[in-house]
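Colleague: Before I ask anything, here is the structure I am working with.
The values are calculated or read from the model by the stated rules, or taken from the named source; none is laboratory data. Small disclaimer: the values here were computed from a predicted structure and weren't measured. Quick reminder, even Gly has a Cβ in these numbers, built from the backbone with ideal geometry, and neighbours come from all protein chains shown. To get the accessible areas, we keep the full protein, side chains included, count just its heavy atoms, and leave off ligands, DNA and RNA. Shrake-Rupley method; radii C 1.70, N 1.55, O 1.52, S 1.80 Å.
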Amino acid sequence: MTIPSLSLLLQSIVNGILMGGVYSLVAIGLSLIFGVMHIINFAHGSFMMLGMFTTYWVYVLLGIDPYLSLLLSIPVLFILGLVIQRFLIALILDAPEYNQLLLTLGVSLFIENFALFVWSPNYRTMEVPYLSKAVTVGILTISLPKVIAFLFAVILTVILYYFLKHTDLGKAIRAASEEKEGSLTVGINLRRIYYLAFGIGAACVGAAGTLTAPFFYVSPQVGSVFVILAFVIVVLGGMGNIIGAFFGGLIVGLAESLGAAFIPGQLKQFIIYFIFVMVLLFKPEGLFGKAHE
Amino acid sequence: MSNGMPRMRNILVIVAVGIFLVILPRFIGDYFVHLVTTVFFFGYLAMAWNILGGYAGQFSFGHAAFFGVGAFTSSLLQIHAGVNPWIGMILAGIAGMLVGLFIGSLSFRFGLRGAYFALTMLALAEMLRLIAVQVCTVRYPLGINIPIKGNSLLHFQFTSKVPYYYIMLIMMAAVLCLTYVIERKKIGSYFKAIRENEEAAESLGINLFNYKLLAMAISSFLTAVGGTFYAQYYLIIDEEAAFGVMVSIEILLGPIIGGAGTVFGPILGAGVLEFLSEFARNILGGYSGIHLMVYGAILIVVIIFLPSGILGGLKLAYSKLGKRE
């Protein structure tokens with residue numbers, strides 16, 4: 001255990017919050033899918049990887065600004081999510097929950113290793129000139145792409161929240177996640193809601209991939225770094241709770257970077273899993289959740 | 001199986017398969033001996049998982065925790081205390097079982113079920129992996145190497161692959177028998193009752209906590225013993241091979257593909273996975289992810305078309321054929 005200086009501590013807090021924003025965006029998609037369909041989407045990490053590669057290739061091959069490729073990665077992942085829901089998951093909606101989880105695991109194994117086959121396991125990084133500068137604020141040094149990623153993550157979360165809260169379609173999605181039979185009786189087309197939810201969930205994590213790509217390595221297995229964290233966040237925030245997932249992301253980001261300041265090496269993540277198991281055991285409805293049942 | 005004829009037939013089939021497997025290494029080369037040993041090995045782990053995940057219905061996504069604890073316990077004891085690997089194997093099983101009892105009593109006490117239990121197990125394996133990473137990067141940057149003692153049954157090390165084949169065959173057959181006994185005895189019915197409906201099982205007077213914990217103890221002990229075998233087979237172990245997420249996934253794929261909660265499903269699934277992925281590797285070349293891609297595709301197909309695994313599908317087809325006749 002090391003005692004960090006005050007500036008390092010502040011730096012860790014800022015870094016943690018910025019990274020937490022991206023984690024939130026990954027987790028929100030996962031939470032939405034879980035909330036509506038009660039499926040733990042193991043393919044979430046591979047969706048993120050595809051979002052990262054979309055941005056990477058668009059930048060490397062066409063020279064298009066990474067943030068502009070949001071306009072591509074969001075629809076591409078939305079459609080992919082929709083297709084996977086339509087042609088695979090929809091076939092086993094009535095099967096036990098393990099089977100749905102395992103199906104997404106199969107999808108994830110397939111996508112990730114197909115990517116490994118096509119793109120090789122190499123780590124790639126994007127060199128974007130205007131993003132390589134760090135911004136200095138007082139004693140803090142802040143990386144620009146992380147700030148941009150954080151801001152976009154907040155904006156996208158707000159948009160999604162507004163959509164779920166104030167549009168008819170969004171209300172239908174929330175209704176379907178809270179009361180399946182009831183929403184059927186008022187004429188909500190559940191199948192369509194499931195397509196949408198899975199599509200939106202995938203689109204969120206695709207956007208997270210795009211936002212992460214400029215400051216992280218891009219490789220076929222990069223998704224696994226984020227997906228387990230996303231599980232942790234979703235459980236912290238309460239499964240299906242979007243706002244909970246947002247704050248859960250910030251908590252995990254903070255825990256990780258503060259852990260790194262105090263504890264050497266890989267053990268920083270240990271704290272996150274420890275919190276995770278504690279929440280699972282003592283407050284499985286999540287930190288912000290009300291107890292169901 | 002109450003009448004004599006099918007029983008006689010079953011015994012004959014088992015004896016024939018047994019003799020076949022015992023003499024098999026004489027007729028095949030090293031490569032196939034390795035392949036079949038791998039099938040036995042994953043079949044063994046699959047059956048160990050199956051007792052907890054298949055019979056008792058407690059879906060574990062983190063059996064790598066037990067596997068890794070087993071592999072590390074016997075290896076480290078051997079290196080630092082000179083403990084014989086056979087004794088290490090028993091100690092490894094006990095260590096794995098203690099971890100299992102610890103996490104089991106926590107999660108079953110608090111009534112974790114379904115996805116929550118699966119995620120708890122995943123987190124347990126990840127926590128142990130992180131500790132192992134910490135230990136390994138500092139002390140064993142090249143992995144934990146077991147000192148080479150040459151060809152010796154006493155030291156559980158062989159220059160040929162054939163002795164490993166027989167050891168694994170015995171271990172696999174033993175767990176197969178154990179599974180069969182569980183299936184036939186009251187304990188198996190209790191496990192299944194818990195799997196199907198916990199409330200109903202409890203109202204019948206089955207102590208949920210004790211029986212879940214029993215399944216956990218058996219499963220974690222056996223899985224950890226498998227970890228020791230792995231370490232002795234390759235004579236090297238590192239944190240990824242011991243505690244990695246892929247280990248947990250490979251352990252549970254066998255029973256899921258073959259048929260969870262059945263006697264022969266797990267070994268069947270392990271065999272199908274191993275042979276198909278080897279086949280794909282031969283066709284598509286040695287790309288590192290090929291076998292996992294095949295696993296993914298098989299998993300998708302099985303989950304959609306054969307929700308009770310290959311064995312379940314075969315049974316269904318068999319009974320349909322029977323009706324037609």
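Colleague: Nearest 20 debye, what's the magnitude of the dipole of chain A about its Cα centre given +1 on Lys and Arg Cβ and -1 on Asp and Glu Cβ?
Modeller: 300
Colleague: In whole percent, what relative contact order does the range B:29-251 give with Cα contacts below 8 Å and a gap of six or more residues?
Modeller: 46
Colleague: Take the alpha carbon atoms of the range B:142-218, find their center, do the same for the range A:199-258, and report the distance between the two centers in whole angstrom.
Modeller: For the range B:142-218 versus the range A:199-258, the Cα centre distance is 36 Å.
Colleague: How are the C-alpha pair distances of the range B:1-116 spread across 5 Å bins, as whole percents from the shortest bin up?
Modeller: 2, 9, 12, 14, 13, 15, 14, 11, 7, 2, 1, 0
Colleague: Can you pull the percent of Cα pairs in the protein assembly as shown with separation above 33 Å?
Modeller: Summing the P(r) of the protein assembly as shown above 33 Å gives 47 percent of all pairs.
Colleague: Quick one: how many Å² of B:Glu274 are accessible to a 1.4 Å probe, rounded to 10?
Modeller: The accessible area of B:Glu274 comes to roughly 20 Å².
Colleague: Projecting each Cα onto the charge dipole of the protein assembly as shown (Lys/Arg +1, Asp/Glu -1 at the beta carbon, about the Cα centre), which of A:Ala208, A:Leu80, A:Val225 comes out farthest on the positive side?
Modeller: Toward the positive end, the furthest listed residue is A:Leu80.
Colleague: So, by mean Cβ neighbours within 10 angstrom, what's the order for A:214-226, B:44-56 with the highest one leading? Before the final figure, lay out the partial values.
Modeller: Numbers: A:214-226: 21.4, B:44-56: 29.6.
Highest mean packing first, the order is B:44-56, A:214-226.
Colleague: Cα-based Rg of the range B:85-216 per 2.2 N^0.38 Å, rounded to two decimals?
Modeller: Details: Rg = 19.4 Å, N = 132, 2.2 N^0.38 = 14.1 Å.
The reported ratio for this selection is 1.38.
Colleague: Ignoring ligands, DNA and RNA, what percent of the accessible area of the protein assembly as shown is carbon or sulfur (1.4 Å)? Walk me through the numbers before you get to the answer.
Modeller: Details: 18480 of 26730 Å².
For the protein assembly as shown, the apolar C and S fraction of the accessible surface comes to 69 percent.
Colleague: Same structure, new question: Only Lys, Arg, Asp and Glu count, each charged at its Cβ (+1, +1, -1, -1), so figure out the dipole size of the range B:29-251 about its Cα centre, rounded to 20 debye.
Modeller: 380
Colleague: Dividing the Cα radius of gyration by the Kirkwood radius, what Rg/Rh value follows for chain A?
Modeller: Details: Rg = 18.9 Å, Rh = 19.5 Å.
Taking Rg over the Kirkwood Rh, I get 0.97.
Colleague: Moving on to the next point. Which listed residue (B:Gly114, B:Ile206, B:Tyr234) has the Cα farthest towards the positive end of the charge dipole for the range B:29-251, taking +1 on Lys and Arg C-beta and -1 on Asp and Glu C-beta about the Cα centre?
Modeller: My answer, from the dipole projection, is B:Ile206.
Colleague: Taking only the alpha-carbon positions of the range A:59-177 and ignoring solvent, what does the Debye formula give for the base-10 log of I(q)/I(0) at q = 0.17 Å⁻¹?
Modeller: Taken in order of the listed q values, log10 I(q)/I(0) reads -1.20.
Colleague: Quick check: the distance between the Cα centres of the range A:66-132 and the range B:235-263, to the nearest angstrom?
Modeller: After rounding, the separation between the Cα centres reads 23 Å.
Colleague: Let me ask you something else. Kindly compute the accessible surface that chains A and B hide from a 1.4 Å probe when together, both sides summed, and give it to the nearest 100 Å².
Modeller: Answer for the A-B pair: about 3700 Å² buried.
Colleague: Something else now. Please compute the per residue accessible area over the range B:29-251 with all protein chains in place, 1.4 Å probe, rounded to a whole number of Å².
Modeller: 37
Colleague: Arranged from highest to lowest average of other beta-carbon atoms within 10 Å per residue, in what order do the peptides A:35-46, B:203-214 appear?
Modeller: Ranking, from highest mean packing down: A:35-46, B:203-214.
Colleague: Could you work out the mean count of beta carbons from other protein chains within 10 Å of each residue's beta carbon in B:126-136?
Modeller: 4
Colleague: Debye sum, Cα scatterers, the range B:29-251, no solvent: what log₁₀ I/I(0) at q = 0.08 1/Å?
Modeller: -0.28
Colleague: Let me ask another. Place the peptides A:240-249, B:71-80, A:60-69 in order of packing, highest mean first, counting for every residue the other Cβ atoms within 10 Å and averaging per peptide.
Modeller: Descending mean neighbour count gives A:240-249, B:71-80, A:60-69.
Colleague: Just want the answer: with Cβ charges of +1 for Lys and Arg and -1 for Asp and Glu, which residue in A:Val252, A:Val60, B:Ala132 is farthest toward the dipole's positive end in the protein assembly as shown?
Modeller: Among A:Val252, A:Val60, B:Ala132, the one farthest towards the positive end of the dipole of the protein assembly as shown is B:Ala132.
Colleague: Any chance you could give the angle, 0 to 90 degrees and rounded to 10, that helix A:44-62 forms with the longest Cα principal axis of chain A?
Modeller: 60
Colleague: Here is a further query. Give, ordered by residue number, each residue of the range B:266-301 whose 1.4 Å probe accessible area is reduced by a minimum of 10 Å² on adding the remaining protein chains to the chain alone.
Modeller: In the range B:266-301, residues shielded by partner chains: B:Leu284, B:Tyr287, B:Ser288, B:Gly289, B:Ile290, B:Leu292, B:Met293, B:Gly296, B:Ala297, B:Leu299, B:Ile300.
Colleague: Please compute the per residue accessible area over chain A with all protein chains in place, 1.4 Å probe, rounded to a whole number of Å².
Modeller: Ligands and nucleic acids excluded, the result is 42 Å² per residue.
Colleague: Return one number: the angle in degrees, 0 to 90 and rounded to the nearest 10, between the long axis of the Cα atoms of helix A:190-212 and the longest principal axis of the Cα atoms of chain A.
Modeller: 10
Colleague: Report the charge-dipole magnitude of the range B:166-325 in Debye, nearest 20, computed about the Cα centre from +1 at each Lys and Arg Cβ and -1 at each Asp and Glu Cβ.
Modeller: Here the range B:166-325 has a charge dipole of around 740 debye.
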